[in-house]
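The values are calculated or read from the model by the stated rules, or taken from the named source; none is laboratory data. If you're wondering where the values come from, they're calculated on a predicted model, not measured in any experiment. Cβ: placed from backbone, ideal geometry, glycine included. Neighbour counts: every protein chain shown. For the accessible areas, the whole protein counts, side chains as well, though only heavy atoms, and no ligand, DNA or RNA atoms are used. Shrake-Rupley method; radii C 1.70, N 1.55, O 1.52, S 1.80 Å.
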Amino acid sequence: MRIAAVADLHYSPQTYDKIREPMAQVRDAADLLVLAGDLTNYGRPEEMDSLLTMLTRLRLPIVAVLGNHDFETGHQDELMKQMAAEGIKVLDGTAYERDGVGFAGTKGFLGGFGRGMLTAFGEPEVKRFVQVSIDEALKLERAMAQLRTERRVVVLHYSPVVETVKGEPMEIYSYLGNSRLGEVVDRMGANLVVHGHAHHGSADGKTTSGIPVYNVALTILQANGIQTPYRLFDV
Ligand SMILES: [Fe+2]
Ligand SMILES: [Fe+2]
């Protein structure tokens with residue numbers, strides 16, 4: 001299966017105009033489109049409506065996770081319903097199988113990497129924050145446990161590894177993802193991971209066990225000379 005993936009469209013009619021033409025060709029290039037979060041800027045239902053008009057015209061299967069921007073105005077549940085009504089598979093700690101390829105996804109959360117990862121110590125506020133990060137990792141684990149396919153793709157918004165956020169200011173690494181997600185991917189096994197969120201990170205990375213991780217934020221694709229508003233992967 002050939003997969004096209006992109007993240008961080010931050011849809012507005014003006015920004016989409018720049019990618020409308022090449023995006024319209026995606027159907028000829030791929031069997032399925034993955035959208036790895038931040039589909040909208042503020043998570044407003046009217047933004048999603050407008051984006052969905054574009055997406056349904058592409059006429060190919062779409063698998064998506066939401067990003068932090070899609071939560072901004074508190075309409076995330078409504079956005080997920082809007083997407084589902086158009087046949088988009090929204091992964092939120094859930095899995096989806098198509099043509100022998102399994103997709104497991106969740107938004108993920110922040111928290112930091114390696115020795116810089118925040119742990120549940122001290123104030124209750126810190127513990128609550130860390131718990132959200134743990135809960136998202138558990139959601140990913142549950143989603144991956146549902147897959148029965150040999151070929152598996154993980155879809156996240158936040159990064160599971162530090163490598164693909166490099167290029168961003170080091171001070172904000174811990175806001176861009178967390179290592180717990182990477183640990184789950186390693187434990188459960190996958191062919192590849194795609195994510196976004198780190199708009200100025202790096203395109204390619206690997207988990208500790210060597211599973212390829214790709215940052216498919218639109219800005220990263222553009223910065224790496226990829227001519228299409230999506231990156232292609234064979235799974
Ligand atoms: Fe973004
Ligand atoms: Fe984001």
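Some points to look at:
- Label separation (K206 vs S50): 4.3 nm, computed from points 7 Å beyond Cα along the C-beta direction.
- For the chain, the tally of Lys pairs with Cα-Cα distances below 25 Å comes to 12, considering only residues 8 or more apart or on different chains.
- Solvent-accessible heavy-atom area per residue, rounded to whole Å², over the stretch 61-202 at 1.4 Å: 46
- In the chain, helical runs assigned H by DSSP with n ≥ 4 each contribute -39500 (n - 2.57); averaged across all residues and rounded to the nearest 500, the mean residue ellipticity at 222 nm is -9500 deg cm²/dmol.
- Distant-in-sequence amide contacts of E97, defined by a placed amide H-H separation under 5 Å and a gap of 5 or more residues or a different chain, comprise F103.
- Surface composition of the chain: carbon plus sulfur atoms contribute 50% of the solvent-accessible area (1.4 Å probe, protein chains only, all chains present).
- Peptides 216-227, 95-106 ranked from most to least packed give 95-106, 216-227, packing being the mean of other C-beta atoms within 10 angstrom over each peptide's residues.
- Span-rule helices in the chain, defined as complete DSSP H runs reaching 24 Å or more along the axis (Cα) with Kyte mean at least -1.0: 124-146
- Peptides 117-123, 28-34 ordered by average Cβ neighbours within 10 Å, highest first: 28-34, 117-123
- An oblate overall shape is assigned to the stretch 126-210, the ratio a/c of its alpha-carbon gyration tensor axes (a ≥ b ≥ c) being 1.5 or greater and a/b not exceeding b/c.
- When H200, H10 are compared by accessible area of protein heavy atoms, the largest-first order is H200, H10, using a 1.4 Å probe.
- The Cα atoms of the stretch 1-79 give a gyration tensor whose axes a ≥ b ≥ c have a/c of 1.5 or more with a/b greater than b/c, which makes the shape prolate.
- Counting heavy atoms of the protein chains alone, T53 has an accessible area of about 60 Å² for a 1.4 Å probe.
- For the chain, a/c is less than 1.5, where a ≥ b ≥ c are the root eigenvalues of the C-alpha gyration tensor. That puts it in the rounded class.
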